[in-house]
Amino acid sequence: MHLAIRGVSKTYTNGVRALRSVSLDIPRGMYGLLGPNGAGKSTLMRTIATLQEPDLGSITLGDPTSQPGQAIDVIREKDRVRRTLGYLPQEFGVYPSVSAERLLDHFAVLEGFVDRGERRRVVEALLRQTNLWDVRRERLGGYSGGMRQRFGIAVALLGGPSLIIVDEPTAGLDPAERVRFLNLLSEIGEQAVVILSTHIVDDVAELCSRMAIIDKGEILLEAEPLAAVVALRGRVWRRVVAKAELPDVERRHRVICTKLQAGRTLVHVYAESSPGPEFDQTEPDLEDVYFSVMAGHQGARAEAAAIGAAS
Ligand code: ADP
């Protein structure tokens, strides 16, 4: 399975250009779409999930070797997409007084599992996979955020989708729930195309074999996270500064990011060679890649893209 997005653009009626000629190749496995709020992630996710149409562009789901007619034209053949799609939107409602087991059984009927025995087996397998078996009889209204998200995944997995879209799934989860949820996603990624949209860099760093960075509707980088980090080696320098010094450092250097550390400010800057004796070279991480690319530091994007493309 492979999703090919070509030249997708969308301008809302209020004039916001949410997507600007977005092209991406998304293979099987976990794919991270990383960008700040308002970048256009949900617009792209909803478009792939057939909930809205772009103004321009095409989206095709199929094997790279598919014959014409076998691959699905996502924009024109919405029913075909929906049969193979699992979508976990940013917000979804549940019936608070119903148990997970009953609601999942209900969705399984809608999905076409008419045979009771088979339906029971499918529902049990999904509740076990999403670690909800022990709480299957509790009301959904009493579920924590993480449990609700896992229930959403169980619903999305009914019918064995080959394309799964999860939009900002970890926002609001506590650290243990987040890890559990991400592990569940990575298991699923072994069999399907899974697109994870997020503004949390660590979600992508821990999980995704490929990723794209999007901002203001534009793809700034498409790469393998590890390769993008390696490409930045030797160009990230760190220094701890007092707060009062920060504006001067920002004026004189290409600052990637600043972090508070025990009351002082740790600054990472981008430079081809040592920016000064007060700086130490430091091993970059995906956060450095993300903020360098977002800040448009010359070189960071081109290097990461070149390595991403070569691998
Ligand atoms: P993200 O998911 O990355 O936060 P969105 O796709 O939700 O980004 O939004 C991208 C831009 O489009 C934002 O500026 C947002 O305000 C705007 N937008 C999103 N949905 C609509 C809509 N239905 N009508 C008008 N503008 C919208």
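The values are calculated or read from the model by the stated rules, or taken from the named source; none is laboratory data. Everything quoted here is computed from the prediction, not taken from an experiment. Cβ coordinates were reconstructed from backbone atoms using ideal geometry, including for glycine residues, and neighbour counts include every protein chain displayed. All accessible areas refer to the heavy atoms of the entire protein, side chains included, with ligands and DNA or RNA removed. Shrake-Rupley method; radii C 1.70, N 1.55, O 1.52, S 1.80 Å.
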Check: Are any residues in the stretch 25-53 within 16 Å of Ser9 (Cα to Cα), near the ligand (Cβ under 10 Å from one of its atoms) and among the aliphatic types (A, V, I, L, M), and if so, which ones?
Finding: Ala39, Leu44, Met45
Note to self: Give me the residue from the stretch 47-69 that is under 18 Å from Arg17 (Cβ atoms) and outside any strand (DSSP E or B) and, out of that set, least open to solvent (accessible area, probe 1.4 Å).
What the structure shows: Thr47
Margin query: Residues that are under 20 Å from Leu33 (Cβ atoms), buried (at least 18 other Cβ atoms within 10 Å of the Cβ) and in contact (Cβ under 8 Å) with a residue 24 or more places away in the chain: does the stretch 95-112 have at least one?
Written below: no
Check: Only one of (1) touching a residue at least 60 places away in the same chain (Cβ under 8 Å); (2) under 30 Å from Leu226 (Cα atoms); (3) within 16 Å of the ligand (Cβ to nearest atom) fails for Ile59. Which number is that?
Finding: (1)
Item checked: the stretch 75-94 - residue that is free of Cβ contacts under 8 Å to residues at least 40 places away in the same chain and in a loop (DSSP other than H, G, I, E, B) and, of those, surrounded by the most Cβ atoms within 10 Å (Cβ to Cβ) -> Ile75
Margin query: Suppose we filter the stretch 137-155 for residues that are surrounded by 15 or more Cβ atoms within 10 Å (Cβ to Cβ) and more than 22 Å from the chain's Cα centre (by Cα); how many remain?
Written below: 3
Item checked: Which numbered condition Arg82 fails, given (1) more than 16 Å from the ligand (Cβ to nearest atom); (2) among the basic types (Lys, Arg); (3) at pLDDT 95 or above -> (3)
Next item on the list: Starting from residues that are outside any loop (DSSP other than H, G, I, E, B) and over 12 Å from the mean Cα position of the chain (by Cα), keep the ones in the stretch 30-46 and report whichever is surrounded by the most Cβ atoms within 10 Å (Cβ to Cβ).
Entry: Thr43
Notebook entry, point to check: Of Asp215, Asp203, which residue is within 15 Å of the chain's Cα centre (by Cα), modelled with pLDDT under 95 and open to solvent by less than 70 Å² (accessible area, probe 1.4 Å)?
Noted result: Asp203
Checklist line | Among the candidates Leu182, Leu163, Leu196, Leu158, residue that is open to solvent by less than 20 Å² (accessible area, probe 1.4 Å), within 15 Å of the ligand (Cβ to nearest atom) and closer than 30 Å to Arg119 by Cβ | finding: Leu196
